[in-house]
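Presented below is the structure to which this report refers.
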Amino acid sequence: MTAGFIGMAVSIILFGWIIGMLGCCRQHDLMQYVAGLLFLMGGTCCIISLCTCVAGINFELSRYPRHMYGLPEDISHGYGWSMFCAWGGLGLTLLAGFLCTLAPSLNTPRTPVQKPRQENGMV
């Protein structure tokens, strides 16, 4: 289950990256908005995968005795920097999603081309 969510998250984020790059190159606001939504969906799949992975490891380590895994009694189990990197990556993904979603509204409006006024029916 975890591998399915992480695979889905990676594919959604890569697709969002491609859509975002195309949107930036072609100046399409809708493509940037869609890329932001894809990043947010990918971040959601990442957090689901992260939580199920941690819950599975904790369940397995608490269910069976420590000697089955070959762990000595004086070694503690922890996640350390891997959890920091996972949460940091999730935060950056969500930040990218929010920025891509807000990018179309932050752009300066283009000034419309002034048409000449018609006077007496002549252009």
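We did not get these values from a lab; they are worked out from the coordinates using the rules stated. Nothing here was measured: the structure is a model prediction, and the numbers come from that model. No Cβ is skipped: glycine too gets one built from the backbone with ideal geometry, and neighbour counts run over all protein chains shown.
For residue 84 and residue 37, a Förster radius of 30 Å and the Cβ-Cβ distance give a FRET efficiency of 0.65, rounded to the nearest 0.05. Between residue 95 and residue 17, the contour length at 0.36 nm per residue exceeds the Cα-Cα span by 26.7 nm.
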